[in-house]
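Undergrad: Let me begin by handing over the structure; questions about it come next.
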Amino acid sequence: MSNRTFTMIKPDAVRAGNIGNILQMINAAGFKIIAMKYTKLSTEKAGQFYEVHKERPFYGELTEFMSSGPIVAAILEKDNAVADFRKLIGATNPAQAEEGTIRKKYAASIGENAVHGSDSDENAKIEGDFFFSGLERF
Ligand code: ATP
Ligand code: MG
């Protein structure tokens, strides 16, 4: 079990002015920020990031949305980081997310669901490396 995960605050949550609220919830849940940047994905970069979903019907919509505005990308550290962070963000579809989760509070739909969280230790490493060099981690 690794102690790091990767997250993005997605364009919908940035547009709604919820960067601060979401970072507050992440801090309150005990995650330490190891790396962070405010950036924007091109459609091509978003497509690369979500490559595993290439064959899914929502892939076009997803890459368009993820490149529609700036995001906040971050590497987070905590014991059991991947599983605990998935618990904090809640179900992919906010209608099914538990009370008190980030998606329940701030997500509007299954497509525009406020935050990303890695689904495995392996993907947490791949996704963190996609955005950050070794010199950008503290
Ligand atoms: P993420 O990887 O962003 O943390 P997730 O792991 O909860 O989300 P995935 O199955 O990996 O969910 O889907 C990746 C993203 O694709 C979702 O967060 C959502 O933005 C989008 N997505 C998933 N299912 C649908 C759908 N049925 N319709 C539209 N968009 C979807
Ligand atoms: Mg996922």
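Undergrad: Using the C-alpha gyration tensor of segment 1-133, what are the square roots of 5 times its eigenvalues, in whole angstrom, with the largest one first?
TA: Details: eigenvalues 80, 62, 42 Å².
Listed largest to smallest, the semi-axes of segment 1-133 are 20, 18, 14 Å.
Undergrad: Mind checking which lysines have their C-alpha under 21 Å from K78, skipping anything on the same chain fewer than 8 residues away?
TA: Once the sequence-local lysines are set aside, what remains near K78 is K32, K37, K87, K125.
Undergrad: What does the charge count around P11 come to, taking other residues whose C-beta lies under 11 Å from its C-beta (Lys +1, Arg +1, Asp -1, Glu -1)? Write out the running numbers ahead of the final one.
TA: Values: positive: K10, R15, K40; negative: D12, E64, E112.
Result for the neighbourhood of P11: 0.
Undergrad: So, by mean Cβ neighbours within 10 angstrom, what's the order for 124-137, 68-81 with the highest one leading?
TA: Values: 124-137: 14.9, 68-81: 19.1.
So the peptides 124-137, 68-81, ranked by packing, come out 68-81, 124-137.
Undergrad: Along each principal axis of its Cα atoms, how long is segment 55-138 end to end? Whole angstroms, biggest number first, please.
TA: Reported extents, whole Å, longest axis first: 37, 29, 24.
Undergrad: Now a separate question. Note down the net charge around A28, summing +1 for each Lys or Arg and -1 for each Asp or Glu among other residues with Cβ under 14 Å from its Cβ.
TA: In short, +3.
Undergrad: Take every Cα pair under 8 Å in segment 1-108 that's 6+ residues apart, average their separations, divide by the length, and report that relative contact order as a whole percent.
TA: Working: 153 pairs, mean separation 42.9, N = 108.
Worked out over segment 1-108, it gives 40 percent.
Undergrad: Hey, what number do you get for the chain at 222 nm if only DSSP H runs of n ≥ 4 count, each worth -39500 (n - 2.57), divided across all residues, to the nearest 500?
TA: -10500 deg cm²/dmol
Every number here is computed from the coordinates shown, using simple stated rules; none is lab data. Keep in mind that this is a model prediction, so the values were computed, not measured. Quick reminder, even Gly has a Cβ in these numbers, built from the backbone with ideal geometry, and neighbours come from all protein chains shown.
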